[in-house]
Amino acid sequence: MTRRIITVGTLCLGLLSGLPATTYSVLADPAVVRVRGTIEAVEGGHVTIKPRIGQSVSVKFADAMKVAAASKAEIGDIKPDSYVGTAATPQADGTLKALEVAVFAPSMRGTGDGHYPWDLEKENTMTNGAVGALTGTAGRTITVTYKGGEKTITVPEDVPIVALNPSDKSVIKVGARVVAITKADATGAVVADRLIVGENGTVPPM
């Protein structure tokens, strides 16, 4: 199998050429690229990721790369004071409608705290913070508080919910779905400082 090392610059050109945002997504920091797909190969210090559309991407592991495992969860796992992250779209009334929710393990509390632009869909945001009130039908309206503010977010019934737990490279397996948060190194290679790997068929939705 032939692999190509694709630089961040090439990924950005792919966006300009019309590849969907679900293939390669650029965050607010143009140096950061999120690569979503299926693990095609694992060899030493790198992994090959096959996105839904487009060429395979060879991603090197940073020396201090962090790995999180994503597993299926449900609305009942979101409790008062849970620490969550949710990509969402703005609504006319000023609230947000979730596209996905990740419930962090207690040891990961504080990860990405805040409210900022995201890249799942056009004009969506990410909110990471502590859950306050749960209201509405089956507790599907949540208040998420972060440093400097709070947001009210509705979680539709069809929205994927996952639990995130600290893990290690043992979960990086061929066939697993993955989200790699990457930057280019001095040679132009794509290097991941974080991987979110789905367990037991789970697709990391973020």
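Any read-out appearing in this document is the output of simple, stated calculations on the displayed coordinates, not a laboratory observation. Only a predicted model underlies this, so the values are computations on that prediction, with no experimental measurement involved. So basically every Cβ, Gly included, is an ideal-geometry build from the backbone, and we count neighbours across all protein chains shown.
Set the Förster radius R0 to 41 Å, insert the Cβ-Cβ distance between Asp185 and Asp81 as r into 1/(1 + (r/R0)^6), and round the FRET efficiency to 0.05.
Working: r = 39 Å, r/R0 = 0.94.
Once rounded, the FRET efficiency stands at 0.60.
May I ask what percent, to the nearest 5, of DSSP beta bridges between residues of segment 71-163 are antiparallel?
Here the share of antiparallel DSSP bridges comes out near 85 percent.
Just how large is the dipole of segment 80-192 about the Cα centre, in debye to the nearest 20, putting +1 at every Lys and Arg Cβ and -1 at every Asp and Glu Cβ?
Dipole magnitude for segment 80-192 comes out near 260 debye.
What spacing in nm lies between the two simple spin-label points modelled at Lys50 and Glu150, each 7 Å away from Cα in the Cβ direction?
Rounded to a tenth, the inter-label distance reads 4.7 nm.
In nm, what is the difference between 0.36 nm times the number of residues separating Lys122 and Ala138 and their Cα-Cα distance? Could the numbers behind the result be given before it?
Values: separation 16, 0.36 × 16 = 5.76 nm, distance 2.83 nm.
Net length gain for the segment: 2.9 nm.
Just the C-alpha atoms of segment 71-163: what Rg/Rh do they give, with Rh taken as the Kirkwood radius?
On the way: Rg = 11.7 Å, Rh = 12.8 Å.
Result: Rg/Rh = 0.92.
Taking θ = phi - 60°, what integer Hz values does the Karplus form 6.51 cos²θ - 1.76 cosθ + 1.60 yield along segment 58-63, in sequence order, with x for Gly and Pro?
8, 10, 7, 8, 5, 4
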